[in-house]
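**Q** Attaching a single structure in structure tokens format; questions to follow.
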Amino acid sequence: MKKSLKGWIDARFPLSSFVKNELTDYPTPRNLNYWWNFGFLSGFVLVLQIVTGVFLAMHYKPAADEAFDSIQYIMREVNYGWLIRYIHSTGASAFFAVIFIHMARTLYYGSYRAPRELMWWSGQVLLIMLMATAFMGYLLPWGQMSYWGAQVITSLFGATPLIGEHIVIWLRGDFSVGDATLTRFFSLHYLFPFLICAVVVLHLVALHTVRSSNPSGITLHSRDNIPFHPYFTIKDFYGLGIFLIVFCAFVFFKPDFFIEADNNIPANPLKTPAHIVPEWYFLPFYAILRSIPDKLGGVVAMSMSIIIFAAMPFLDRCRVPGGACYRPLYRVMFYVFITDVLLLGYIGSQPPSATLTTVGEIATFFYFAIFALLPFTSYWENRLLLHREKLPAAALTLIREEKYIPVDQDDKKTDGERA
């Protein structure tokens, strides 16, 4: 009966062949380490956010005079409503933590370079959509920090020349953040995760077309790959277990760790908080915004700090494989960049002061200077490493002879040609 059902489905939809080719038997480099787990973890957190979000939407009231009370009702009256709400709020921070680590791994190992440009760009689209979703969701509790954060961020669009004021009114649905803003933010916050799922599918199609990268940076032969299942499914589930231990520790023992205290106070348009601060995952970009004295310049700098990652395949022209593993100059730049981002995050979390403003301006300069220096670093590393033979012999031979053998062509070669 099982075979008959399988045959009936396969005659109408290639389910078993899809599972075999794209999941269980998908050829995977055998040298992947645990830094490659975070792509799977991001997919898990996305599903978790959608499921908890759907249950929260069943009880949430997207109206200015009912939103805050509906959150309290969910927390106090709905069965396990407190758990669903805390999983969702903590899951937002976990999502960004996983995504940022996933991006850092891609930058460190140079997985954005040819032929994986489209995969990298689809990931950048996902990041922008995720940030938009998180921003719109931040308004929904209708607390003090939610209200004033939305008031400040939406007003930034007013810096757009000629049409700025029209964009602000269109975003808010009114002349100030109010009931219309809350309604449209709720509808878009509910819709965007499903659009993100569609882009995730495109991201996975791009990944399975060019195949996974690996720490060596060299495309392996087919005979050097192994099936994804059971080797990497076990590895992914082990990483998932570690993630859940940390995640549940926050949910059950420190659920309000990522929630601003002022957000437990109903929104009051007549009382401005002493220090308006966004969520932690927006802090580096917020610090860049504050470091530019001109409003339009700050908005442009903040936008460019996100979009500039899409230029990485063009800025990095180094032919040395393996990313920072075999590139000492790039490795130093990578660690300086991570340190700079952490410093910007700290500056964004503190109230403005003369000292922090100066430090923020310097950190912003270094943020963009690293991208500007990358083409020159690539040129120097090509000369230093390729011409002076400071790479492993096998990697150097592949680079000089340009024998990046596609996986699907390797099986057609004889053993002598493979050798």
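The values are calculated or read from the model by the stated rules, or taken from the named source; none is laboratory data. Quantities reported herein were computed from a predicted structural model and do not represent experimental measurements. Methodologically, a virtual Cβ is constructed for each residue, glycine included, from the backbone with ideal geometry; neighbour enumeration extends over all protein chains shown.
**Q** With the structure loaded, tell me whether GLY123 is in a helix (DSSP H, G or I) and buried (at least 17 other Cβ atoms within 10 Å of the Cβ) or whether it fails that test.
**A** Taking the combined requirement at face value, the residue satisfies it.
**Q** Also: Out of everything in the stretch 190-223 that is aliphatic (A, V, I, L, M) and within 27 Å of ARG327 (Cα to Cα), what residue ends up being farthest from the chain's Cα centre (by Cα)?
**A** Across the stretch 190-223, the extreme among qualifying residues is LEU220.
**Q** With respect to LEU270, is the statement that it is in a loop (DSSP other than H, G, I, E, B) and either surrounded by fewer than 18 Cβ atoms within 10 Å (Cβ to Cβ) or touching a residue at least 12 places away in the same chain (Cβ under 8 Å) (or both) true?
**A** Judged against the criteria, LEU270 is a match.
**Q** Of the conditions (1) touching a residue at least 40 places away in the same chain (Cβ under 8 Å); (2) over 19 Å from the mean Cα position of the chain (by Cα), PRO278 satisfies every one except a single condition; which number is it?
**A** (2)
**Q** Something else about it: May I ask you to verify whether ALA206 is at negative phi, among the small types (Gly, Ala, Ser), in contact (Cβ under 8 Å) with a residue 24 or more places away in the chain and in a helix (DSSP H, G or I)?
**A** In short, yes.
**Q** Follow-up question, since we're still on this one. Take the residues of the stretch 250-267 that are of a type in the set (Phe, Trp, Tyr) and part of a helix (DSSP H, G or I): which is surrounded by the most Cβ atoms within 10 Å (Cβ to Cβ)?
**A** PHE250
**Q** Please state which one of PRO321, PRO352 is in a loop (DSSP other than H, G, I, E, B), out of contact with any Pro (no Cβ under 8 Å at 6 or more places or on another chain) and under 30 Å from THR154 (Cα atoms).
**A** Residue meeting the stated conditions: PRO352.
**Q** Moving on. Could you look through the stretch 160-189, keep only residues that are in a loop (DSSP other than H, G, I, E, B) and of a type in the set (Val, Ile, Thr), and pick out the one that is farthest from the chain's Cα centre (by Cα)?
**A** Here the answer is ILE163.
**Q** Determine, yes or no, whether ASP340 is crowded, with 16+ Cβ neighbours inside 10 Å, at pLDDT 95 or above and among the charged types (D, E, K, R).
**A** So ASP340 passes the test.
**Q** Show the residue pairs meeting these rules: Cβ distance below 6 Å; 6+ apart or different chains; first residue within the stretch 282-295 and in contact (Cβ under 8 Å) with a residue 40 or more places away in the chain; second residue among the β-branched types (Val, Ile, Thr).
**A** Close Cβ pairs (under 6 Å, with a partner that is among the β-branched types (Val, Ile, Thr)) amount to PRO284/VAL341; ALA287/ILE347; ILE288/THR364; SER291/THR364.
**Q** Taking the condition within 30 Å of SER216 (Cβ to Cβ), assigned by TED's automatic domain parsing to the domain that holds LEU191 and small (Gly, Ala, Ser), does SER155 pass?
**A** Considered against the rule, which asks whether it is within 30 Å of SER216 (Cβ to Cβ), assigned by TED's automatic domain parsing to the domain that holds LEU191 and small (Gly, Ala, Ser), SER155 comes out as no.
**Q** When you go through PRO161, PRO227, PRO215 one by one, which is the residue that is farther than 23 Å from SER122 by Cα and in contact with a strand residue (DSSP E or B) (Cβ under 9 Å, 6 or more places away or on another chain)?
**A** Unique residue meeting the criteria: PRO227.
**Q** Take the residues in the stretch 189-211 that are within 14 Å of VAL125 (Cβ to Cβ) and among the β-branched types (Val, Ile, Thr), then tell me which one is surrounded by the fewest Cβ atoms within 10 Å (Cβ to Cβ).
**A** Across the stretch 189-211, the extreme among qualifying residues is VAL201.
**Q** Next up: Run down GLY137, GLY123, GLY91, GLY110 and say which single residue is at positive phi and either of a type in the set (Val, Ile, Thr) or in contact (Cβ under 8 Å) with a residue 24 or more places away in the chain (or both).
**A** Criteria check complete, one pass: GLY110.
**Q** Looking only at the stretch 358-370, which residues are among the polar types (S, T, N, Q) and either touching a strand residue (DSSP E or B) at 6+ places or on another chain (Cβ under 8 Å) or loosely packed, with under 15 Cβ neighbours inside 10 Å (or both)?
**A** Answer for the stretch 358-370, where residues must be among the polar types (S, T, N, Q) and either touching a strand residue (DSSP E or B) at 6+ places or on another chain (Cβ under 8 Å) or loosely packed, with under 15 Cβ neighbours inside 10 Å (or both): just THR358.
**Q** How many of the residues in the stretch 53-81 are in contact (Cβ under 8 Å) with a residue 60 or more places away in the chain and closer than 24 Å to TYR281 by Cβ?
**A** Total satisfying the criteria: 7.
**Q** Among the candidates PHE243, PHE247, single out the residue that is closer than 30 Å to GLY110 by Cα, touching a helix residue (DSSP H, G or I) at 6+ places or on another chain (Cβ under 6 Å), modelled with pLDDT of 95 or more and surrounded by fewer than 20 Cβ atoms within 10 Å (Cβ to Cβ).
**A** Being closer than 30 Å to GLY110 by Cα, touching a helix residue (DSSP H, G or I) at 6+ places or on another chain (Cβ under 6 Å), modelled with pLDDT of 95 or more and surrounded by fewer than 20 Cβ atoms within 10 Å (Cβ to Cβ) holds for just one of PHE243, PHE247, which is PHE243.
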